[in-house]
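Read through the structure below, which is laid out as structure tokens, and then see the notes.
The values are calculated or read from the model by the stated rules, or taken from the named source; none is laboratory data. None of the values given here were measured: they were computed from a predicted structure. All Cβ positions, even for glycine, are placed from backbone atoms using ideal geometry, and neighbour counts span all protein chains on display.
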Amino acid sequence: MTEPNLNAPTLQSETLPPQFLPLAQHAIQASKWQLRELFADDANRFNKFSLDAAGLFFDFSKNHINDETLALLTELARARGVESLRDAMFSGEHINVTEDRAVLHTALRAPAGASIKLDGQEVSADIEAVLQQISKFSHQIRSGSWHGYTGKSITDIVNIGIGGSDLGPAMTCAAMRPFSQDGLRLHFLSNVDGHEIDAILSGLSAATTLFIIASKTFTTQETMLNAHAARRWFLQYGQTQDLAKHFVAVSTNTAAVKEFGIDITNMFPFWDWVGGRYSIWSAIGLPLAIAVGIDNFREFLAGGHAMDTHFRNAPLEKNMPVLLALTGFWYRQFFGSASHLIAPYHHDLQLLPSYLQQLEMESNGKRTTRDGQPLTIPSAPVIWGSAGSNGQHAYFQLLHQGTDLIPVDFIAVLKAAHPYPDQHKALLANCFAQSEALMRGKNEAEVKTELQEKKLNAQQIDALLPHRVFPGNKPSNTLLLEKLTPFSIGTLIALYEHKVFVQGVLWNINSFDQWGVELGKVLAGRILSELDTNSVPGVSENHDSSTTGLIARARIAM
Ligand code: G6Q
């Protein structure tokens, strides 16, 4: 039994953009390569296919690539306009064509005073003003000088938001846990499922709780329901005039914030040129600034900016986000890999896979080109994952011996922030061992020797052999961070944002709208009114029999 190659791609030249054809031809060759042999043939492979940027180290040598592959991939990136669209994004052009908006989250992390123009107007003064507001408020909460209605300091902060208004703060607060102030507890309420608000509020005291209502639009059903429920809960203890001490808002919608009853001086604004899933750098990062302090928050922004500088200036061949994007694109486009695993080997990065899931799947889960034509090639794969090493005892079996090709991004942190060196060594050992095992596999000869050493007889060996062989030849990237700090977390997130941008350009899609999310918001609103047991059943909307039946059963039970 010989080790299988990658699934040989079929050349569908009629649906492929002509610019993809040289790579499609090349992929047929590459599908025959064994990663083991690529390493055996070139002692310099690791040095050649790895790079440092903005404090991150990126090893992409365990991919089915050679010099020619990289040359073809970067040539394609140029031909698709990665450089020109990148420059258009940074200079505030309205590259979000379906919403006619600029995409300027990068401006939020530029150094104070940097000249960034949007439609002819400087934006940096507005950005700095909000940062000052965040600085003042977070200091008041952290120092205990912001008092609740009984005169006590705040001990618990509940961020009420969903999607982009939840995942960024929740993920970064977890990632920066060692930098967080003791005695301040952060809670993230996103789900419209009342069990979540019930679980969070049941442990809290209204007198020492601050609610941050985070919603770009301030109309999202789940957030508004939770915000109103939190308000009702608070008013069981405090008075209406006390609300200002316990409710603040982060939004672009001043009128709706006012209508909710939040004092506008306690509203932290941001702008429509900041997409929800790119908004952690804006006032949506308020919970993070409260948890870790404004200096650490600014360090986080500086980390994002360091990656921006690299992305803007490095040639494509030495550009980390571009290379991360190209390696993923290579398998998605030419080898049919339908999913991509994010495996951070760090407990504090446990929410990173969910964060990247939104970033990538909401940005690039599209089927229409920027100019409105149907896409004839696959776009974003499914992004999934969880913190290592837990996954090894669960789904890694499928990576090693299943039938699908699933590229992996391993993310490891070299220096731990805890006093358990044995655990840290074991964690890193597991991480590196997995990428090696996926790449090398274990061939028949190796399995035979192993079983012979265990004194199994020839018949037993023959029976076990097919089950014990690992084909290997599975690709992965490894990203190394020196330490998990606000700065390095900033670089890591910006790296993936730009990866997503580059892949969107390769697929020629608009990565910055989300019409699928908007549809969900509308549909749930309609059915909500039909679940109201005071409404007349079945008259407000015509549904299929399944949806009608489900609504009817719920009405009876409620
Ligand atoms: C992000 C998406 C989506 C959005 C949420 C919350 O890019 O648009 O996840 O962040 O639907 O929206 P609001 O912030 O408007 O409540």
*Scan segment 233-255 and give yes if some residue there is in contact with a strand residue (DSSP E or B) (Cβ under 9 Å, 6 or more places away or on another chain), within 25 Å of E362 (Cα to Cα) and of a type outside the set (A, V, I, L, M, F, W, C), otherwise no.*
yes
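Hey, any hits in segment 425-448 for a residue that's within 16 Å of the ligand (Cβ to nearest atom), at pLDDT 95 or above and closer than 30 Å to I280 by Cα? Give the derivation first.
Initially, segment 425-448 is screened for residues within 16 Å of the ligand (Cβ to nearest atom), giving none.
The answer is no, given that none of the residues of segment 425-448 is within 16 Å of the ligand (Cβ to nearest atom), at pLDDT 95 or above and closer than 30 Å to I280 by Cα.
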*Report yes if some residue within segment 529-551 is away from the ligand (no atom under 16 Å from the Cβ), modelled with pLDDT of 95 or more and loosely packed, with under 12 Cβ neighbours inside 10 Å; otherwise report no.*
no
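Residue-by-condition table, conditions (1) among the acidic types (D, E); (2) over 30 Å from A325 (Cβ atoms):
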position: H418; (1), (2): no, yes
position: L427; (1), (2): no, no
position: P471; (1), (2): no, no
position: P475; (1), (2): no, no
position: E482; (1), (2): yes, no
position: L492; (1), (2): no, no
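How do the helices (runs of 4 or more DSSP H) wholly within segment 252-316 filter down when requiring 2 or more residues that are of a type in the set (G, A, S) and away from the ligand (no atom under 14 Å from the Cβ): which remain? Give the steps one after another, and end with the answer.
On the way: elements: 254-260, 286-292, 294-313.
Result: 286-292, 294-313.
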_Just the residues that are in a strand (DSSP E or B) and surrounded by fewer than 19 Cβ atoms within 10 Å (Cβ to Cβ), please, taken from segment 177-189._
R185
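Give A207, A170, A174, A227 a once-over and let me know the one that is over 28 Å from the mean Cα position of the chain (by Cα), assigned to a helix (DSSP H, G or I), touching a residue at least 12 places away in the same chain (Cβ under 8 Å) and buried (at least 17 other Cβ atoms within 10 Å of the Cβ).
Working: A170 fails: over 28 Å from the mean Cα position of the chain (by Cα); A174 fails: over 28 Å from the mean Cα position of the chain (by Cα); A227 fails: over 28 Å from the mean Cα position of the chain (by Cα).
Result: A207 is the single residue among A207, A170, A174, A227 that is over 28 Å from the mean Cα position of the chain (by Cα), assigned to a helix (DSSP H, G or I), touching a residue at least 12 places away in the same chain (Cβ under 8 Å) and buried (at least 17 other Cβ atoms within 10 Å of the Cβ).
Only one of T106, T155 is of a type in the set (S, T, Y) and surrounded by fewer than 21 Cβ atoms within 10 Å (Cβ to Cβ). Can you tell me which? It would help to see each step written out before you state the result.
Working: T106 fails: surrounded by fewer than 21 Cβ atoms within 10 Å (Cβ to Cβ).
Residue meeting the stated conditions: T155.
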_Contact list please: Cβ distance under 7 Å, first residue in segment 426-453 and among the acidic types (D, E), second residue assigned to a helix (DSSP H, G or I), pairs at least six apart or on different chains._
E444/L465
*asked:* What's the total number of residues in segment 355-385 that are without any contact (Cβ under 8 Å) to a residue 60 or more places away in the chain, under 23 Å from S165 (Cβ atoms) and not in a strand (DSSP E or B)?
replied: 2
*asked:* Being surrounded by fewer than 15 Cβ atoms within 10 Å (Cβ to Cβ) and at pLDDT 95 or above: is that true of G328 here?
replied: no
*So which of V517, V522 ends up being within 16 Å of the ligand (Cβ to nearest atom), aliphatic (A, V, I, L, M) and either touching a residue at least 24 places away in the same chain (Cβ under 8 Å) or not in a helix (DSSP H, G or I) (or both)?*
V517
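Taking the condition within 16 Å of the ligand (Cβ to nearest atom) and touching a residue at least 24 places away in the same chain (Cβ under 8 Å), does F234 pass? Reasoning before the result, please.
On the way: within 16 Å of the ligand (Cβ to nearest atom): no; touching a residue at least 24 places away in the same chain (Cβ under 8 Å): yes.
Spelling it out, it is not the case that F234 is within 16 Å of the ligand (Cβ to nearest atom) and touching a residue at least 24 places away in the same chain (Cβ under 8 Å).
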_Residue satisfying all of: in segment 190-219; in contact with an Asp or Glu (Cβ under 6 Å, 6 or more places away or on another chain) and within 13 Å of the ligand (Cβ to nearest atom); farthest from A249 (Cα to Cα) among these_ = V192
*Selection count, segment 367-408, where residues are touching a Gly at 6+ places or on another chain (Cβ under 8 Å) and within 16 Å of the ligand (Cβ to nearest atom)*: 1
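Inside segment 357-385, can you point out the residues that are in contact with an Asp or Glu (Cβ under 6 Å, 6 or more places away or on another chain) and of a type outside the set (A, V, I, L, M)?
Going residue by residue through segment 357-385, those that are in contact with an Asp or Glu (Cβ under 6 Å, 6 or more places away or on another chain) are 380, 383.
Correct list: empty.
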_Unmet criterion (only one of (1) within 16 Å of the ligand (Cβ to nearest atom); (2) over 23 Å from the mean Cα position of the chain (by Cα)) for I162_ = (2)
*List pairs: first in segment 480-498 and on the phi > 0 side of the Ramachandran plot, second among the basic types (K, R) and at pLDDT 95 or above, Cβ under 8 Å, 6+ apart or cross-chain?*
none
*Among the candidates G120, G148, G113, single out the residue that is farther than 30 Å from D87 by Cβ, small (G, A, S) and over 26 Å from the mean Cα position of the chain (by Cα).*
G148
